[in-house]
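The structure appears right after this line, and notes come after that.
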Amino acid sequence: MPKAKGALNKRQALFCREYVVDFNARQAYIRAGYAPKFAEKNVTHLLALPHVKAEIARLQGEQMIMHGDLLQRNLEQLVKIAYSSIDNTIDLSTGSPVIKQGYDGSLVESVGETANGLKVKHHSKLQAIDLINKMLGAYQERVDVTTGGRPIEAGGPVVIFEVVPPRNPTEGDGHVEHNDTV
């Protein structure tokens, strides 16, 4: 039986399931059985397909229903990390840094001592913000149709096509002028 237009094939369905695990499109593409060497080129196109977008949205909705409490806790923890301050962990009022009594250890990635004193490393704020944005669907995948998904190289040639209207009604339908330089 032929598949309906816009229906997912098996590999696309697996890609969608893998994508909602960690929102890493390249790795999901590979885990779905696609060739790794084509991941960079094809993953953006795959994410732009309407039926793939719809399936990812459906799976995210399922996750919210099944794991809503856990996802909410994860989101709250990421928000704490993203908007934490070193002042929540370290007391600088004594002249030398001291870990505050009752600090939230979940904000801290590591604590150690150096020759110069205390070293405290918080979890990455940028990574937490990025994960929050991914969880909330804030990113929209964009496809560059001019290069087939390849990056646009700075300083490369730019080709411009301009449709020029006819000068007067007796000259016909207009013509296309081609200019290689900008």
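Restricting attention to segment 59-74, the residues that are surrounded by 14 or more Cβ atoms within 10 Å (Cβ to Cβ) and at pLDDT below 85 add up to 2.
One line per residue, one yes/no per condition, for (1) among the hydrophobic types (A, V, I, L, M, F, W, C); (2) within 19 Å of LEU131 (Cα to Cα); (3) in contact with a His (Cβ under 6 Å, 6 or more places away or on another chain); (4) not in a helix (DSSP H, G or I):
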| position | (1), (2), (3), (4) |
| --- | --- |
| ARG17 | no, yes, no, no |
| ARG26 | no, yes, no, no |
| LEU46 | yes, no, no, no |
| GLU62 | no, yes, no, no |
| HIS67 | no, yes, no, no |
| LEU78 | yes, yes, no, no |
| SER96 | no, no, no, yes |
| TYR103 | no, no, no, yes |
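Here GLY6 meets the list (1) in contact (Cβ under 8 Å) with a residue 60 or more places away in the chain; (2) assigned to a loop (DSSP other than H, G, I, E, B) almost entirely, failing just condition (1). With respect to (1) in a loop (DSSP other than H, G, I, E, B); (2) under 16 Å from LYS134 (Cβ atoms), the lone exception for VAL21 is condition (1).
Scanning segment 107-136 for residues that are assigned to a helix (DSSP H, G or I) and at pLDDT below 85 yields a count of 2.
Assess whether ALA54 counts as being under 21 Å from GLN27 (Cα atoms) and without any contact (Cβ under 8 Å) to a residue 12 or more places away in the chain. Show your work before the answer.
Details: under 21 Å from GLN27 (Cα atoms): yes; without any contact (Cβ under 8 Å) to a residue 12 or more places away in the chain: yes.
So ALA54 fits the description; yes.
Annotation: of all residues in segment 78-106 being at pLDDT below 80 and among the small types (Gly, Ala, Ser), the one that is surrounded by the fewest Cβ atoms within 10 Å (Cβ to Cβ) is GLY95.
The values are calculated or read from the model by the stated rules, or taken from the named source; none is laboratory data. These numbers come from a predicted model, not from an experiment. Using ideal geometry, Cβ is built from the backbone for each residue, glycine included, and neighbour counts are taken over all protein chains shown.
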